[in-house]
1. Give, rounded to the nearest 20 debye, the magnitude of the charge dipole that the chain has about its Cα centre when Lys and Arg contribute +1 at Cβ and Asp and Glu contribute -1 at Cβ.
2. Taking +1 at the Cβ of each Lys and Arg and -1 at the Cβ of each Asp and Glu, which of 177, 330, 279 sits farthest along the dipole of the stretch 91-343 towards its positive end, judged by Cα position relative to the Cα centre?
3. A 24 angstrom limit on the alpha carbon distance is what I want to check against. Which of 271/393; 312/337; 240/283; 271/337; 271/369; 103/337 exceed it?
4. May I ask you to list the GluC sites (Glu not before Pro) in the stretch 388-457 that are in a DSSP loop and have at most 10 other Cβ atoms within 10 Å of their Cβ?
5. Could you tell me which of 362, 387, 398 has its Cα farthest along the dipole of the stretch 279-399 towards the positive end, charges placed at Cβ (Lys, Arg +1; Asp, Glu -1), taken about the Cα centre?
6. Once you order the gyration tensor axes a ≥ b ≥ c over the Cα atoms, which shape class does the stretch 376-434 get: rounded for a/c under 1.5, otherwise prolate or oblate by comparing a/b with b/c?
7. Please sort 321-332, 61-72 by packing, taking for each peptide the average over its residues of neighbouring beta carbons within 10 angstrom, highest first.
8. Can you tell me the length gained on complete extension of the stretch residue 214 to residue 448, counting 0.36 nm per residue apart and subtracting the Cα distance?
Amino acid sequence: MLGIDLHETAAALQRELLEFTRLHPRSGECYRQGLEHYLYGAPLHWMQQWSGSYPVYVATAQGARVEDVDGNSYIDFALGDSGAMYGHANPATVKAISNQLAKGSTFMLPTEESLWVGKELARRFGLRYWQLTTSATDANRFVLRLCRMITGRNKMLTFNWNYHGSVDETQVEFDSGRLMVPRQDVYHNGIDHRQTTRLAEFNDIAGLEESLSHGDVACVLTEPVMTNIGMVPPDPCYHKALREMTRRYDVPLIIDETHTISSGPSGYTGKYGLMPDFLVLGKAIGGGIPIAVWGASETMAERIWQARPPFKPGEPINHYGFGGTLAGSALQIVALKATLEEIMTDDNFCRMEKMALRFEAGTNEVIKKHRLPWHVTRIGARAEYLFLDHPPKNGGEAHLGRHALLEAYIHLYLLNRGILLTPFHNMALMCPFVSEADVDRHSLLLDECLFTIKEER
Ligand SMILES: Cc1ncc(COP(=O)(O)O)c(C=O)c1O
């Protein structure tokens, strides 16, 4: 079904693991030391889940290039899993945050620059009111709390194989009998998900309507294109139906653009005229600084203020149940301003998309040459290949197009030869500094790596 000889793949992976050890002795030594004091050997467990036997330790990075402590250089298509989507050490970000650091970074008070940022977010994304957080996970959590508050309902609706960060309510999946169960790889945290969550498949309008018809859903949380289980594009009329239905059942719609911002300067929302009630955007927008933003429409803001009026002097402090001491800091504001004003421009997106188109075409050519039943999907500057012969309709189907062993081999083959693909899936991001030669190098190496493992026909 994959078009691949899995025995060969397992053997080839072993060879690549040996090669990895040979090429990365210093990273190996760092990891042995890291195991002494980090629970998973590195400051964050995700860092340990790349394709090698241990993480590559980074020495320095610039634009589309990363250099490790062993002196190996990489073309970086992973870009910190989107956190550095606009290129490492982007000069605009470096300048803005260096200046601000010298003037103080956080005050629990706003700065004048925040005014431009609020106005620009509203202009770009079409929602009037904004707040800052330090992660997209937080932003999703906070918006979910507010949706529960304004609707008086407890459940959120999300989609099978979603990822919106470590939001407890989203950690569910369908079992083989299409029953919602806690995600197998996440401890359920003592939560009875039947009280907090309804689950549907992406693109399934009938399933969505069935879920909403119970009248207990406080919000729908979705990416406009699913991106965390491979990419699942929406059917042509899906967003229209989703919006109409959420309106009909008076259920706030939250669009999480954290990955789909690759679509363009105003994300998928701006490009395709979606009209969410809330929008969440994290990772890349901070240019490497921990920042996420969430926006609310005027209607939602009115409902929030009605449920919990804004603070007035002399009244007890209002906690609201969301925050983040360093959220909205002066440092975040200048980083956001630099990203919005100087980096998320039409020109940059045009360049990034051109490279992604080249990546898509090059990868498709390799797939065709090897007659593999795979396909590539692209959203603007983000491209991904999946081991299925057609774009999946939903997360359940996309999951079938994943293969841990095959992914590990391809990723490690590329890494050992100087290319970083996003770990956890076959995703490539184009920053404004990537070149045609960089993209072509990926196609060449992918072609090479498939020779040894493809099934003889
Ligand atoms: C769509 C989406 N939302 C939210 C998040 C969470 O982002 P963070 O880990 O920065 O909180 C992610 C992370 O991959 C994501 O893909």
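Values quoted throughout were computed directly from the atomic coordinates according to the rules given, and no laboratory measurement underlies them. As the structure is a computational prediction, the values presented were derived from the model and not from experiment. Here Cβ is always computed from backbone atoms with ideal geometry, including for glycine, and neighbour counts include all displayed protein chains.
1. For the chain, the charge dipole is close to 880 debye.
2. 330
3. Checking Cα-Cα distances, 312/337; 240/283; 271/369 exceed 24 Å.
4. For GluC sites (Glu not before Pro) across the stretch 388-457 that sit outside H, G, I, E and B with at most 10 neighbouring Cβ atoms in 10 Å, the list reads 456.
5. 387
6. Oblate shape, in that a/c is at least 1.5 and b/c is the bigger or equal ratio.
7. 321-332, 61-72
8. Result for the pair: 78.9 nm of gain on full extension.
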